[in-house]
Amino acid sequence: MKQFLKFVSATLAGLILFSFISFILLLAGIAAMIPAPEPVKENSVLHLRLEGDLTERSEKDLFALLGSEETPVIGLDDILASIRAAKENPDIKGIYLNPGLFRAGYASLNEIRTALMDFRESGKFVFAYSGNYTQGAYYLCSVADMFCLNREGIVDFRGIASSTLFFKNLLEKIGVEMQVVKVGTYKSFTEQFTNEGMSEANREQMTLLTQTIWDNTLHDISSVRNVSKSELIAAADGFLTFQPAEKALEMKMVDSLIYPDQIDHILNGYLETGRNAKVSFVKPVDLIDATDPNDPASEDKIALVYATGEIDNGSTKGIQTGKLYKLLQRLERDSSVKAVVLRINSPGGSAYGSEQIWHAVSLLKQSKPVIASMGDYAASGGYYIACNATKIIANPNTITGSIGIFGVIPNVEGLMGKAGISHDIVKTGEFADMPTVYRAMTGDERRIIQQYVNRGYDLFLRRCAEGRNIARDSIAAIAEGRVWSGVSALSLGLVDRLGTLQDAIQLAAEEAGLTFYDIEEYPEKEDWFTRLTELPESGMEKLFFKSAFTEERAILNKLYKIDRLQAALPFDLNVE
């Protein structure tokens, strides 16, 4: 028996050692696969290949690194940084925009577009070519000096739509009742579980929101394409998406129809090199990695803090209140940090978590300016954490507001009955088992919870009123859970001005009286080793679900993770 145990122990030790060595070799192999940045040659062109889903910050995508067919994830931060670096680099003469199936929010697209316009104003050129422009990519590329489409290509231009899924009938069929307590006529997140379609209030706010973003889009395209707003509307209403490419040229939506082999010839014309010369392309990573982060220009810093995703959504992704709270406290104590830019791209989440972050911002701004910069979303809890900043800058297409509170308690008593499951309980008091999903709420329970929700809403209103220096009644009149675009938010006093992240950084420097400063980003990005440890979990998700029912699973998963009161967007917005 002893010999057998020794043999088993030795075998296990060998397997562990082999696994460890294999893991180290795997890491070394991955590290060797990461290409080193190439030096920038004279007369180079930055090649921006825009594909996949845009996120606020880039991350080391190991699936892409390992040669996976997965759709890439691109970081807005890297795109903006590469455009700025290309502008400052005398060897780079232009940018080649080459979009594929590119998906991004209209606020983020506006940020990139603004950076490209600034690049053009430096005297350099922007060229765009694709065989398939999504509507967002078309909006982005409309800033190009020359806008080309493949002779058999598509320009997807049809207007903006916003859709919401409704689960009321499904829930009734399976015997689940969604018990809703909320404040806010427009706070319509819970309509997904109680209605078969949009309420009139929800339809009203969505109509205004989508029309405002569409108007902004038409105005921006018209201003650079020399095409009137009415002509753009005619193109969209004519379903340009499935019209021949010649129709896009005829309507002045593009400048030329070409094949890929003509691209170098056009670029050489801008570069004033030989007709058949080979164009030197530069990738964004070559520019970003060439910047030496260990060579600070100043001891004074502006901290750029990213607050992205849902607030306390029960996963490692999104905004985690505890971590963000501690980070803001640390920045408050750091004398080298003279100002903070809080970059918010969040639809909200936990009302409790939002209040904690609000408090941390309040303490921080007593010692240094705090500028809130709004991305695609800064709504509900996302607005809660912004409202007390020294100044707030929104993008014209930012979705913000949604000042309201709700709570949802499912009642699965009917489902249990259908499944043949019964439920019984003994308790020491009337409310000892509350909240519970096994029975319906009593009248007293609903009344008490509604009072709790009302207090949360009243606190939210007071925080907004104090932060914006607006009377509570005035805030209440534009609250009720209603969402607004950045343009509308400015007219209502919810934000101070419209602009980009770069504008927010500049404002932070002005507020702190800085001329020379370094920008330090927080939290630090995960390195590729940390990302590797997440590979099994994300891999199983993709293996079993891939892209099936992603929207439905996201909504139900959000409902499953709801904790306490929620200050979240009233819907999962799907603007196309």
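FYI, it's all coordinate maths here, none of it is from the lab. Worth saying up front: this structure is predicted, and the values here are computed from it rather than measured. All Cβ positions, glycine included, derive from the backbone under ideal geometry; neighbour counts span all protein chains shown.
How high is the FRET efficiency between Leu165 and Ile233 when r is their beta carbon distance and R₀ equals 35 Å, given to the nearest 0.05? Show your work: numbers first, answer last.
Details: r = 29 Å, r/R0 = 0.82.
It comes to 0.75.
For the pairs Lys323/Lys365; Lys124/Lys368; Lys323/Lys391; Lys87/Lys525; Lys301/Lys391; Lys317/Lys365, note any where the Cα-Cα span goes beyond 29 Å. Don't jump to the answer; show the numbers that get you there.
Working: Lys323/Lys365 18 Å; Lys124/Lys368 37 Å; Lys323/Lys391 23 Å; Lys87/Lys525 25 Å; Lys301/Lys391 18 Å; Lys317/Lys365 26 Å.
Beyond 29 Å between Cα atoms: Lys124/Lys368.
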Protection-proxy order for peptides 206-219, 156-169, 426-439, 374-387, each taking the mean of Cβ atoms within 10 Å per residue, highest first: 374-387, 206-219, 156-169, 426-439
Please give the charge dipole size of the range 270-394, origin at the Cα centre, charges +1 on K and R Cβ atoms and -1 on D and E Cβ atoms. Round to the nearest 20 debye. 120
Computed label-point distance, nm, for sites Asp458 and Glu51 using a 7 Å Cα→Cβ extension: 5.6
Unit charges on C-beta of K, R, D, E only; dipole of the range 182-231, Debye: 120
Hull volume in cubic angstrom per residue (convex hull over the Cα atoms of the range 368-492): 159
Once you have all Cα-Cα distances for the range 181-269, histogram them in 5 Å bins from zero and send the whole-percent values. 2, 11, 14, 14, 12, 11, 11, 8, 7, 5, 4, 2, 0
Per residue, the convex hull enclosing the Cα atoms of the range 92-229 spans a volume in Å³ of 157
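Note down the relative contact order for the range 138-288 as a percent, whole number, built from C-alpha pairs under 8 angstrom at least six residues apart. Present the calculation step by step, with values, prior to reporting the outcome.
Working: 143 pairs, mean separation 51.5, N = 151.
Relative contact order comes out at 34 percent.
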